[in-house]
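K.L.:
Got a structure here, written out as structure tokens. Questions coming.
A short reminder: the numbers here are calculations on the coordinates, not readings from a lab. Quick caveat: nothing in here was measured; it's all calculated off a predicted structure. Cβ placement follows ideal geometry from the backbone for every residue including glycine, while neighbour counts extend to all protein chains displayed.
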Amino acid sequence: MAARKPKLAVWKFSSCDGCQLNLLDCEDELLAIADSIEIAEFLEATRAQVRGPYDVSLVEGSISNDHDAERLRKIRKQSKLVIAIGACATGGGIQALRNGRDVDEFVRTVYAHPEFIDTLATSTPITDHIPVDFELRGCPVSKYQLLEVVSALLAGRQPRVPRHSECLECKMRGTVCVMVARGQPCLGPVTQAGCGNLCPSVERGCYGCFGPKESPNTASLADRFLATGSQRRRVREMFQSFNAAAPAFAKEAERHEPR
């Protein structure tokens with residue numbers, strides 16, 4: 001009897017689908033592991049749906065309403081491993097900019113029939129609702145890291161994903177520091193590596209797409225931005241982007257709110 005293939009499911013919540021598209025963009029690499037897994041749920045790629053339980057569930061997007069929160073809990077119960085992928089799933093995404101604001105006012109202003117809108121006051125990461133087995137950062141995720149994580153977990157080994165800062169990645173690639181050489185604000189010192197050194201390599205400061213690294217000293221970096229001429233509003237906005245609900249970034253942004 002042939003061995004059962006592990007079931008892989010891909011789920012979407014509040015997001016732009018960019019991380020799922022990056023998985024599809026793997027093309028040849030995805031085909032290499034396709035024979036070893038059964039894609040049980042992946043509506044971005046196929047209408048085929050296979051019931052759980054699932055060996056690995058990839059979850060993209062933040063949680064923005066009660067229905068999604070309940071659906072997420074059901075996915076957790078049906079999944080052996082859950083991997084949160086992308087900035088929305090791990091840091092709330094850009095939609096988390098509404099956190100701490102008057103969402104009811106937004107709804108009344110934007111929609112002709114606000115009574116039809118069912119939403120939470122916050123947009124929160126997956127880990128605020130269920131335990132996850134691994135978080136994969138990025139806006140979007142690195143397709144190479146995504147393949148590494150899926151392959152590693154299916155093989156029963158620990159994924160090899162860097163946890164150091166973007167600054168270290170600049171040094172390893174020989175990229176000139178944009179803060180030192182050009183005086184540009186850059187979130188590299190507090191951001192986890194993973195993008196392939198994209199922005200600094202074209203002489204632009206890091207935007208923090210991969211979220212805060214372990215134990216980031218955001219206060220020291222923000223104070224340097226202020227000391228070198230950045231406006232407080234600009235500093236706040238730098239931490240209120242792709243990972244607006246990531247605790248380290250959210251806390252630093254709050255420190256620069258108007259009093």
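K.L.:
Once the Cβ-Cβ distance between Q158 and D102 is put in as r, and R0 is 51 Å, what FRET efficiency do you end up with, to the nearest 0.05? Before the final figure, lay out the partial values.
P.N.:
Numbers: r = 44 Å, r/R0 = 0.86.
It comes out at approximately 0.70.
K.L.:
Over the stretch 166-255, what relative contact order in percent results from Cα pairs under 8 Å that are six or more residues apart? If you can, show how the numbers build up before the last one.
P.N.:
Details: 128 pairs, mean separation 22.1, N = 90.
Value for the stretch 166-255: 25 percent.
K.L.:
List M179, M238 from most exposed to least, where exposure is judged by having the fewest other Cβ atoms within 10 Å.
P.N.:
Taking fewest neighbouring Cβ atoms as first place, the list is M179, M238.
K.L.:
Please list, by residue number, every one of the trypsin sites (Lys or Arg not before Pro) in the stretch 144-204 that is coil in DSSP and has at most 16 other beta-carbon atoms within 10 Å.
P.N.:
The qualifying sites are R157, R160, R163, R204.
K.L.:
Per-residue HN-Hα couplings for the stretch 247-259, Karplus 6.51 cos²θ - 1.76 cosθ + 1.60 at θ = phi - 60°, whole Hz, x for Gly and Pro?
P.N.:
x, 5, 6, 5, 5, 5, 4, 4, 5, 10, 5, x, 9
K.L.:
Something else now. Based on the Cα coordinates of the stretch 166-255, what is the per residue volume of their convex hull in Å³? Before the final figure, lay out each step's value.
P.N.:
On the way: hull volume 7.4 nm³, N = 90.
Cα convex hull per residue, to the nearest whole number: 83 Å³.
K.L.:
Which residue, S220, S142, S79, has the most motion in a Gaussian network model of the chain that connects Cα atoms within less than 10 Å?
P.N.:
Per the Cα network of the chain with a 10 Å cutoff, S220 tops the list.
K.L.:
Still on this structure, I have one more. How big is the chain by Rg and Dmax over its Cα atoms, in Å?
P.N.:
Gyration radius and largest Cα-Cα distance of the chain: 19.6, 69 Å.
K.L.:
Here's a follow-up. For the chain, what number of Lys pairs, 8 or more residues apart or on separate chains, have alpha-carbon atoms under 21 Å from each other?
P.N.:
13
K.L.:
Nearest-5 percent of antiparallel DSSP beta bridges in the stretch 7-155? Write down the numbers at each step before the final one.
P.N.:
On the way: 4 of 21 bridges.
So the antiparallel bridges amount to about 20 percent of the total.
K.L.:
Given the chain, what percent of its DSSP beta bridges are antiparallel, to the nearest 5?
P.N.:
Numbers: 6 of 23 bridges.
Antiparallel bridges make up about 25 percent of those DSSP assigns within the chain.
K.L.:
State the Kirkwood hydrodynamic radius of the stretch 71-134 in Å, one decimal place, computed from all pairs of distinct Cα atoms.
P.N.:
Values: mean 1/r = 0.0747 Å⁻¹.
When all Cα pairs of the stretch 71-134 are included, the Kirkwood radius is 13.4 Å.
K.L.:
What relative contact order, as a whole-number percentage, does the stretch 7-155 give when Cα pairs under 8 Å and 6 or more residues apart are counted?
P.N.:
Details: 254 pairs, mean separation 42.6, N = 149.
Taking the mean separation of contacting Cα pairs over the length of the stretch 7-155, I get 29 percent.
K.L.:
Then there is this: Using a 10 Å cut-off on Cβ atoms, rank the peptides 49-61, 110-122 from the highest mean neighbour count down. Don't skip to the answer; put the middle values down first.
P.N.:
Details: 49-61: 20.1, 110-122: 11.5.
Going from most to least packed, we get 49-61, 110-122.
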